[in-house]
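**Q** My structure is below; once you've seen it, I'll send some questions.
Read-outs throughout are calculated quantities, based only on the coordinates presented, and are distinct from any laboratory measurement. In this text the structure is predicted, and so the values were computed from the model without any measurement. When we count neighbours, we look across all protein chains shown, and the Cβ atoms used for this are built from the backbone with ideal geometry, even at glycine.
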Amino acid sequence: MIPPAGLVALTAPAGRREELERRWAGSGGPAEADLGWHGSALVVRWGLPEPVATGVQPLTLTARTREGYLHGGELGTVLDAGGVATLLPPFAVLRCLPDGDLSVQADSMGLRQLYQGEHEGVAGISTSAALLAACLGVRPDPEGVAVQGWLGWQLGQRTLWAGVQKLAPGVEARLGPAGLRLRPAAAHADGPIPLGEALEGAAALLRTSLARFLDERPEGVLQLTGGQDSRILLSAVEPARRRGLGAMTLGRPGDPDVEVARSLAARVGLEHEVHGLDGIEDLTPEQAWGRVARAAGQLDGMADPLATAALGWAEERFTPSPRLSGLGGEVARGFYYDASGRTRPVTSARSRRLAGWRLFVNEAVEREALTPEFASWSRSTAERAVHRELAASGLPWLQATDDLYLRNRMQRWAGVTETAWCLEREIVNPMLDPEFLDLVGRLDPRDKRGSVFLARLQMTLDDGLGRIPLDGRPPPAVYAQPGARTAGARVGSTGHKLVRKAVQKLRRAQRPPVGGEVLAARVLTHWRQNPQLLDESRKTGFLDERWVDDLVTKDVAATPSTVAFLTSLVVTSGHSRPS
């Protein structure tokens, strides 16, 4: 399954042009792709927007700073001045340089996924890790598969294939006669920032970003939930511009999240659209498999295809419009904070506890699906990989978990998902503005713990909306004033979450994505009707063949997370054989 749009570029020493074309032809890439040469590089493109006047090829639908969209030659001018760090994620660009080199670069957060690699004298860059692996002729990386199996997403710049790496945030990759060269991102370091200064800067930034967006995209809609982040974006819109603003919510009438969103929409006069997954249960097994397999291809096997397929089903029911998303607010609330003090160091024991308590809970594959040897090795390997990323930050424990969330979970989980849609619909995430990320990254952990910063930002922007309860939680006003008078409400909400997490851990229960159980059941039925679909994944050596046999012949159950992992192996294993 191939993404609907993308790019692969390959180069090798002189005299190997025909070999590069053969490698592409054997990769399983789209037959309708446009093949051409730039200098020594074979360049293959399909489904991409037209290059802008300067010859710059955007690898997203749009290019935007907080001040507005870049059109035509403006984008080339900004890039020539080294301004890629000002572009909002997700963004990436291909440039055909006058000296014959190709240049690719992604946003400073690395949210738009680009991949690079070299093998046996062939170097390449691509929007698809799977196709690049096929062209280079590399095998699956057991450590990458281990991390994917337990975590459900990748860490660092690793992929599922040995020799194929994600391009690191802000790094430029150049492909030419000398092979592949990487130019590191510019170093950036600032000191701590007081809470008041961060609030002032963040509020001004969001107000500017929202105003400029609505100036140019008055038809834009806000992805509204009952949570905190989308409410902050709504609060950053001038009150006079809220009435008639479009809003969309995914869910069913009566769901607490939907009802809070509806209440907010009615209060300020939004044009509110609500859709759920109605009708998804009517999909045939073959139809469900087609959607889930396509999602796995879009994700390069490195995120949950069930969740992406379900989201795609819901999206088809909404009016197509540019979107304002609250994605990114999580980085400002200490997502992985625990009871540890802010100056405690990273240790392997703390890393293992975080992995077992928080990271491996919802998306881990069932051990029974793996060979006994790989099951044991993969768990310890994934734990070591988590610790390695935490330790590599060089930060105290709480700040290291912030870095893990932003540089790993956001980049490699949210980023893969955003990348899957970035050429099909326009999504703007003001909280992923590099300056916003810089502000929250410089805050003391005490200012983020318990959502203090976000709650005070809400009250700064609109204290009236800040007094309305969140979905299943007290209103932001409670979190904004931590103290004895408000501790009861906050502790009650936090305690309920901790109890729920503990029960989930003890029962080994997972929370599948919305629609995941329905799609997983249909996919299992399709596999039982077409067991040959699992043949390639059996050859990887990661799966217990007896368990797979029982799965397709004896109606053995499998969790949605296991179905998601198997789907990723099925879809990507065909791209793992040398050309």
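**Q** By the gyration tensor of its Cα atoms, with a ≥ b ≥ c the square roots of the eigenvalues, what is the shape of the stretch 185-262: rounded for a/c under 1.5, prolate for a/b over b/c, or oblate?
**A** Prolate is the answer for the stretch 185-262, as a/c is 1.5 or above and a/b outweighs b/c.
**Q** While we're here: In bins 10 Å wide, starting from 0, what share of all Cα pairs of the stretch 516-573 does each bin hold, as a percent?
**A** Going from the shortest bin to the longest, the percentages are 24, 64, 12.
**Q** Could you check the spin-label model distance between residue 99 and residue 371? Points 7 Å from the Cα along Cα→Cβ, value in nm.
**A** 4.7 nm
**Q** Let me ask you something else. Which whole-number percent gives the relative contact order of the stretch 6-183, counting Cα pairs below 8 Å spaced six or more residues apart?
**A** 24 percent
**Q** Per DSSP H run of at least 4 residues, take -39500 (n - 2.57); add these up for the chain, divide by its residues and hand me the 222 nm value, nearest 500 deg cm²/dmol.
**A** That calculation yields -12500 deg cm²/dmol at 222 nm.
**Q** Quick one: work out the % antiparallel among DSSP beta bridges in the chain, nearest 5.
**A** 80 percent
**Q** If I take every Cα pair under 8 Å that is 6 or more residues apart in the chain, average their sequence separation and divide by the length, what percent do I get for the relative contact order?
**A** 19 percent
**Q** A further question on this structure: Helix by helix, which DSSP H runs in the chain go 18 Å or more along their axis at the Cα atoms and have an average Kyte-Doolittle hydropathy of 1.0 or more?
**A** The qualifying helices are 560-573.
**Q** Taking 7 Å along the Cα-to-C-beta vector as the label spot, tell me the residue 357-residue 14 distance in nanometres, rounded to one decimal.
**A** That separation, rounded to one decimal, is 6.2 nm.
**Q** A follow-up question, please. Whole number please: convex hull volume per residue, Cα atoms of the chain, in Å³.
**A** 147 Å³
**Q** How high is the relative contact order of the stretch 516-573, in percent, with contacts defined as C-alpha pairs under 8 Å that are six or more residues apart?
**A** 48 percent
**Q** Considering the Cα positions of the stretch 312-451, please state its Rg to one decimal place and its Dmax as a whole number of Å.
**A** Radius of gyration, then largest Cα-Cα span, for the stretch 312-451: 17.5, 49 Å.
**Q** Can you give the extra length, in nm with one decimal, that the chain gains between residue 71 and residue 181 once fully stretched, where that is 0.36 nm per residue apart less the Cα-Cα distance?
**A** Additional length available on full extension: 36.7 nm.
**Q** For residue 120 and residue 557 in the same chain, what is the full-extension length gain: residue separation times 0.36 nm, less their Cα-Cα distance, in nm?
**A** Gain on stretching residue 120 to residue 557: 153.1 nm.
**Q** Would the stretch 308-382 count as rounded, prolate or oblate if I go by the C-alpha gyration tensor, calling it rounded below 1.5 in a/c and otherwise prolate when a/b exceeds b/c, oblate otherwise? Numbers along the way, then the final one.
**A** On the way: a/c = 4.29, a/b = 1.33, b/c = 3.22.
Judged from the Cα gyration tensor, the stretch 308-382 comes out oblate (a/c at least 1.5, b/c at or above a/b).
**Q** Given 0.36 nm per residue, what is the gain on full extension from residue 546 to residue 31 after removing their alpha carbon distance, in nm?
**A** My answer for the length gained is 181.7 nm.
**Q** Mind giving me the FRET efficiency for residue 349 and residue 529? R0 is 45 Å, r the Cβ-Cβ distance, nearest 0.05 is fine. Intermediate results must be reported in sequence, preceding the final value.
**A** Working: r = 47 Å, r/R0 = 1.04.
Efficiency, from the Cβ-Cβ distance: 0.45.
**Q** Under the classification rounded if a/c is under 1.5, otherwise prolate if a/b is larger than b/c and oblate if not, where does the stretch 269-365 fall, given a ≥ b ≥ c as square roots of the Cα gyration tensor eigenvalues?
**A** Since a/c reaches 1.5 but b/c is at least a/b, the shape of the stretch 269-365 is classed as oblate.
**Q** Quick one: if the Förster radius is 22 Å, what FRET efficiency do residue 481 and residue 208 give, using the C-beta to C-beta distance and rounding to 0.05?
**A** Calculated value: 0.20.
**Q** Further question on the same structure: Fewest first, what order do 479, 69, 336 take by the number of other Cβ atoms within 10 Å?
**A** So the ranking, lowest neighbour count to highest, is 69, 336, 479.
**Q** Next question. Taking the square root of 5 times each eigenvalue of the Cα gyration tensor, what semi-axes in Å does the equivalent ellipsoid of the stretch 6-183 have, largest first?
**A** Semi-axes from the Cα gyration tensor: 25, 21, 14 Å.
**Q** Sort 448, 554 so that the residue with the fewest other Cβ atoms within 10 Å of its own Cβ comes first and the one with the most comes last. The partial results should precede the final answer.
**A** On the way: 448 24, 554 8.
Ordered by Cβ neighbours within 10 Å, fewest first: 554, 448.
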